[in-house]
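K.L.:
Could you have a look at this structure, given as structure tokens, before my questions?
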């Protein structure tokens with residue numbers, strides 16, 4: 001897996017296709033709490049025929065060097081340096097949950113390379129239930145079971161639920177707690193209306209962690225944004241309903257490419 005050095009730490013990522021034009025549109029996907037590149041497996045495999053898709057592993061996650069960052073602004077700075085180190089010129093950031101907070105933070109003071117954003121399982125404020133945040137330090141197994149139930153829809157595939165559960169079990173309680181604390185401290189309710197980039201918002205209809213009303217608030221606040229609600233999916237909508245998710249995101253990305261193509 002490729003990697004870059006950011007502030008003396010290795011940041012790992014996966015890119016498809018492996019050979020790509022750094023001036024072309026690149027989709028940089030940012031996972032949520034205790035996530036990694038596998039959270040975006042269906043997008044790496046399903047969208048890379050049309051776009052460059054990059055799944056970044058945040059500091060402290062996956063194969064990236066520790067420590068993880070304590071706040072959303074510090075995660076955002078790492079993502080910014082990552083993009084600029086790779087030399088990407090036209091980027092759409094797509095973030096889920098914690099990743100959506102990082103994406104919003106960068107969109108509020110966008111660099112010239114940022115041309116659009118995708119917000120998945122998102123909110124302008126991400127308060128975390130104490131049973132999850134404190135519980136992970138007190139009784140990790142119980143908290144992980146709770147999170148696996150919260151992360152998916154009402155009737156999840158049992159194998160997928162087990163996969164989500166095992167991912168959290170394999171992450172340290174301290175990392176999960178710090179990620180959830182970064183989410184809990186995030187609040188741009190009064191500022192998110194300043195986002196002026198093209199914005200695609202996608203939410204699972206059965207999302208228990210960031211319910212659809214959060215996405216509706218973002219949609220109303222961000223002028224010109226699009227909103228897609230996907231039935232039968234929860235918080236990890238890109239994993240649970242990948243075909244529907246990819247169709248929505250692909251349409252958004254295609255519109256950005258068409259907007260840039262000069263008329264004959």
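K.L.:
Under 6 Å between Cβ atoms, at least 6 apart or on separate chains: pull out the pairs that start in segment 184-205 with a residue that is without any contact (Cβ under 8 Å) to a residue 24 or more places away in the chain and end on any residue that is surrounded by 15 or more Cβ atoms within 10 Å (Cβ to Cβ) and in a loop (DSSP other than H, G, I, E, B).
P.N.:
No pair meets every condition.
K.L.:
Anything in segment 42-55 that is surrounded by fewer than 20 Cβ atoms within 10 Å (Cβ to Cβ) and either out of contact with any strand residue (DSSP E or B) (no Cβ under 8 Å at 6 or more places or on another chain) or on the phi > 0 side of the Ramachandran plot (or both)? List them, or say none.
P.N.:
Answer for segment 42-55, where residues must be surrounded by fewer than 20 Cβ atoms within 10 Å (Cβ to Cβ) and either out of contact with any strand residue (DSSP E or B) (no Cβ under 8 Å at 6 or more places or on another chain) or on the phi > 0 side of the Ramachandran plot (or both): 42, 49, 50.
K.L.:
If you don't mind, there's one more thing I want to ask. Could you look through segment 14-41, keep only residues that are part of a strand (DSSP E or B) and within 14 Å of the chain's Cα centre (by Cα), and pick out the one that is surrounded by the fewest Cβ atoms within 10 Å (Cβ to Cβ)?
P.N.:
Restricting to residues being part of a strand (DSSP E or B) and within 14 Å of the chain's Cα centre (by Cα), the top hit is 27.
K.L.:
Across segment 59-78, what is the total count of residues that are farther than 21 Å from residue 18 by Cβ, under 16 Å from the mean Cα position of the chain (by Cα) and at pLDDT 95 or above?
P.N.:
Total satisfying the criteria: 11.
Listed here are the residues, each with its yes/no results for (1) surrounded by fewer than 16 Cβ atoms within 10 Å (Cβ to Cβ); (2) part of a strand (DSSP E or B); (3) under 19 Å from the mean Cα position of the chain (by Cα).
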| position | (1), (2), (3) |
| --- | --- |
| 143 | no, no, no |
| 150 | no, no, yes |
| 162 | yes, no, no |
| 166 | yes, no, no |
| 180 | no, no, yes |
| 200 | no, yes, yes |
| 203 | no, yes, yes |
| 206 | no, no, yes |
| 209 | no, no, yes |
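K.L.:
Evaluate the following for residue 185: is it surrounded by fewer than 21 Cβ atoms within 10 Å (Cβ to Cβ) and either closer than 18 Å to residue 27 by Cα or modelled with pLDDT of 95 or more (or both)?
P.N.:
It is true that residue 185 is surrounded by fewer than 21 Cβ atoms within 10 Å (Cβ to Cβ) and either closer than 18 Å to residue 27 by Cα or modelled with pLDDT of 95 or more (or both).
K.L.:
For residue 233, which of the numbered conditions (1) assigned to a helix (DSSP H, G or I); (2) in contact with a strand residue (DSSP E or B) (Cβ under 9 Å, 6 or more places away or on another chain) fails to hold?
P.N.:
(1)
The values are calculated or read from the model by the stated rules, or taken from the named source; none is laboratory data. Just so it is clear, the model here is predicted, and its values are computed rather than measured. With ideal geometry, Cβ positions are generated from the backbone for all residues, glycine too; neighbour counts draw on all protein chains shown.
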